[in-house]
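Some notes on the structure that comes next.
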Amino acid sequence: MSIKVAFIGASGMLGKPVATQLIKHGIEVTALARNAEQLKKDIPGISTVSGNMNSSSDLDTLLKGKEVVYLSLSIKQNEKKNAWHTESEGMEMLIASAKRNGIKRIAYLSSIIMDHQGKDGFNWWVFDLKHKAVKMIKDSGIPYTIFYPSNFMESLSNMYKMGNKMMLAGESKEPMFFISGADYGKQVARAIIEHNNGNREYYVQGPQAFTADRAVEEFMKHYTKEKLSISRAPLGVIKFFGMFSTKMNYGANILEALNNYPEKFMAQKTWDELGKPETTIADYARQLN
């Protein structure tokens, strides 16, 4: 009998590759979706429940009869600090529903770089919220698996790439262990199937470490679908415009954290238990051609 997983965030940049890998590994995946028919087209084999995370009844419908709930949540670039957030008010509602419906495990996609909070005077409400989300899960009493990933290769094609430009800002000082969403999805599947006892935390990192500048150069070298060029902006300019734009403020903060967080390799335990990622940035870029 396959494991039944409720999935929140399947339509996102990192939700699709993970949900796809879970299904490939024989896991029965049911996702909460605002556009259920489109999600079924995007992810063959997925089941859906129409609804939203801000509805207790929708959450109860999704979680009923499931064993695990996997959360791929995010703060959107245009969200304001005092708004309703999936990783605060939404997390409270999710945990309450999980308890009502006898969920046996919460699996949650977090972040490595949120640990940059408080370093060198860096302070961002989004990272505070992410730390609180982890604490809420740990305090829930429900067994958990929490993943702390480095930067994803998908960000190169979905965030750094804008049209035929690769956008860079500021000075990228620290290398990041970029990982593909598919490799991460394979690790999530193994964690759910094979390592489902006790509470578990995994650092998620890929096989190579690059600064943002070097990662973009490597991507461009192997992406031949169109000719790309680099466009660079001073981080100070983005910070200035961030005083007037919520989206620009988000970009300035995430770029500052990515550029300066001194990421160390911490994924050996993850590789030992869940498998070593194999996809390189060159592989990822070629897959898009």
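Structure above, values below:
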| read-out | value |
| --- | --- |
| Some residue of the range 117-125 being over 23 Å from Asn199 (Cβ atoms), modelled with pLDDT under 95 and in contact with a Gly (Cβ under 8 Å, 6 or more places away or on another chain) | no |
| The range 190-222, residues that are of a type in the set (A, V, I, L, M) and within 15 Å of the chain's Cα centre (by Cα) | Val204 |
| Residue in the range 276-289 that is of a type in the set (Asp, Glu), more than 19 Å from the chain's Cα centre (by Cα) and under 28 Å from Lys119 (Cβ atoms) present | no |
| Qualifying residues in the range 223-242 (those that are among the small types (Gly, Ala, Ser) and outside any helix (DSSP H, G or I)) - the one surrounded by the fewest Cβ atoms within 10 Å (Cβ to Cβ) | Ser229 |
| Number of positions in the range 22-47 that are in contact with a helix residue (DSSP H, G or I) (Cβ under 6 Å, 6 or more places away or on another chain), within 19 Å of Ile106 (Cα to Cα) and surrounded by fewer than 21 Cβ atoms within 10 Å (Cβ to Cβ) | 1 |
| Where a residue in the range 231-246 is closer than 26 Å to Met220 by Cα and its partner, wherever it lies, is among the charged types (D, E, K, R) and modelled with pLDDT of 80 or more, with Cβ under 7 Å and at least six apart | Ser231/Lys165; Leu235/Glu256 |
| Failed criterion for Ser74 (all others in (1) assigned to a loop (DSSP other than H, G, I, E, B); (2) modelled with pLDDT of 95 or more; (3) touching a strand residue (DSSP E or B) at 6+ places or on another chain (Cβ under 9 Å) hold) | (2) |
| Criterion violated by Glu171 - all others in (1) surrounded by fewer than 18 Cβ atoms within 10 Å (Cβ to Cβ); (2) in contact with a helix residue (DSSP H, G or I) (Cβ under 7 Å, 6 or more places away or on another chain); (3) acidic (Asp, Glu); (4) assigned to a helix (DSSP H, G or I) satisfied | (4) |
| Answer residue from the range 192-222, given it is in contact with a Phe, Trp or Tyr (Cβ under 7 Å, 6 or more places away or on another chain) and in a helix (DSSP H, G or I) and is nearest to Ile106 (Cα to Cα) among those | Ala215 |
| Scan of the range 243-270 for residues that are surrounded by fewer than 17 Cβ atoms within 10 Å (Cβ to Cβ) and part of a helix (DSSP H, G or I), ordered by number | Thr246, Lys247, Gln268, Lys269 |
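The values are calculated or read from the model by the stated rules, or taken from the named source; none is laboratory data. The structure presented is a predicted model; accordingly, all values stated were derived computationally and were not measured. All Cβ positions, even for glycine, are placed from backbone atoms using ideal geometry, and neighbour counts span all protein chains on display.
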